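**Q** Dropping a structure here in structure tokens format, bear with me for questions.
Please treat every number below as a calculation from the coordinates, not as lab data. Keep in mind it's a predicted model, so treat the numbers as computed, not measured. Cβ: placed from backbone, ideal geometry, glycine included. Neighbour counts: every protein chain shown.
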Amino acid sequence: MANWTDPRATVSAPSSVGTRQAAYDAGLRSYMLSVYNYMASGVLLTGIVALAFASTSAFDAVMASPLRWLIMLAPLGFILVLSFGINRLSTGTAQILFWAFATVMGLSMASIFRVYTGESIAQVFFATSAAFAGLSLWGYTTKKDLSAFGTFLIMGVVGLLVASIINLFLQSSAMQFAISVIGVLLFAGLTAYDTQKIKSMYSYVAGTDMMGKTVIMGALNLYLDFVNMFMFLLQLFGGRRD
């Protein structure tokens, strides 16, 4: 009798595990959907603001004044506040800062509508959307651990930033072409890497107060991947206005 086991226990255990796994998967899908919704809404807001600002008569006056530096540097300020202050911010404040960031990004990107044709902007946008969707899906589903590439990709972005600053003075078209090509590759890799990282974060933040803020930071990272990939592709394939 000491070795007897209740058969109900052996039947219910797999069922219990399956139920927990189903609940986890449902929570993960909801979490990732929230990240993508924030990211897509941020991109949409940026596009609307950029087009509206570029269409106003005030655009030329503002961009010819010192205010242009505020517009250009403001997005970086929001990124720094969100990145380094997220633990001290409430979820509501983080959401407000994310929408404010998307708005000022629209102001800073408005000039593309004065430089490139609307048709080429639309073509590059849809091409970027398709590439982003494929790369993010691969990052979400792949069993390969992409964390080893993270340091390499981030170091590559730092090097790209340094090269871009240097080229502001050199004004080399060949160097700009190389920067654009490398930029597309780096942010393509970061799209897959960040997606996998955001997915892996769910197990740590599920059911905690940090989940809402993790959604915002995940959306911010994917937003930056998308926008940077779009800008580099636009520099490569965008049709300029006469």
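**Q** Using R₀ = 25 Å, calculate the FRET efficiency as 1/(1 + (r/R₀)^6) where r is the Cβ-Cβ separation of W99 and A22; round to 0.05.
**A** Computed FRET efficiency for W99 and A22: 0.15.
**Q** Another question, if that's okay. How would V162, V215 line up from fewest to most surrounding beta-carbon atoms within 10 angstrom?
**A** V162, V215
**Q** Report the residue, chosen from G106, G42, G27, that carries the largest GNM mean-square fluctuation when the chain is represented by alpha-carbon nodes joined by springs under 10 Å.
**A** Maximum among the listed residues: G27.
**Q** Okay, next question. For helix 67-85, what angle does its Cα long axis make with the longest principal axis of the chain, in degrees from 0 to 90 and rounded to 10?
**A** Once rounded, the angle reads 20 degrees.
**Q** If you take every residue apart from V157 with its C-beta less than 13 Å away from the C-beta of V157, what net charge results, scoring Lys and Arg +1 and Asp and Glu -1?
**A** -2
**Q** Which of the listed residues, M105, T91, L44, is farthest toward the dipole's positive end in the chain, when Lys, Arg count +1 and Asp, Glu count -1 at the beta-carbon?
**A** The Cα lying farthest towards the positive end belongs to T91.
**Q** Mind putting a number on the dipole of the stretch 19-120 about its Cα centre? Charges go on the C-beta only, +1 for Lys and Arg and -1 for Asp and Glu, and I need it in Debye to the nearest 20.
**A** Its charge dipole is roughly 260 debye.
**Q** Can you list residues from other chains, or at least 5 along the same chain, whose modelled amide H is less than 5 Å from the amide H of Y116?
**A** R241
**Q** Compare the Cα positions of Y31, L73, L153 along the charge dipole of the chain (+1 at Cβ of Lys, Arg; -1 at Cβ of Asp, Glu; about the Cα centre) and return the one farthest towards the positive end.
**A** My answer, from the dipole projection, is Y31.
**Q** So, one more: Springs between alpha-carbon atoms under 10 Å, Gaussian network over the chain: tell me which of A122, A23, A100 tops the mean-square fluctuations.
**A** A23
**Q** From the helices alone, meaning DSSP H stretches of at least four residues, give me the mean residue ellipticity at 222 nm for the chain, per-run term -39500 (n - 2.57), in deg cm²/dmol to the nearest 500.
**A** Value at 222 nm, helices only, nearest 500: -29500 deg cm²/dmol.
**Q** Give me W99, W69 ranked fewest to most by other Cβ atoms within 10 Å of their Cβ, as a rough exposure proxy. Write out the running numbers ahead of the final one.
**A** Details: W99 14, W69 9.
If I rank by nearby Cβ atoms, fewest first, I get W69, W99.
**Q** Which option, [x] 28, 20, 18; [y] 24, 20, 18; [z] 42, 20, 16, is the value of semi-axes √(5λ) of the Cα gyration tensor in Å that was calculated from these coordinates?
**A** So the structure-derived entry is [z].
**Q** Treating the beta-carbon of each Lys and Arg as +1 and of each Asp and Glu as -1, no other charges, what is the dipole magnitude of the chain about its Cα centre, to the nearest 20 debye? Each step should come with its number before you reach the end.
**A** Working: 13 positive and 9 negative charges, 40 e Å.
Dipole size: approximately 200 debye.
**Q** Over what distance in Å are the Cα centres of the stretch 205-232 and the stretch 134-177 separated?
**A** So the separation of the two Cα centres works out to 17 Å.
**Q** Name the residue, out of R88, R29, R68, whose mean-square fluctuation peaks in a Gaussian network model built on the chain with Cα pairs under 10 Å.
**A** Sorting by GNM fluctuation, first place goes to R88.
**Q** Hey, rough spin-label estimate for S41 and T142, points 7 angstrom out along Cα→Cβ, what's it come to in nanometres?
**A** 3.0 nm
**Q** If the cut-off is a Cα-Cα distance under 23 Å, which lysines reach K143, setting aside same-chain residues fewer than 8 apart in sequence?
**A** K197, K199
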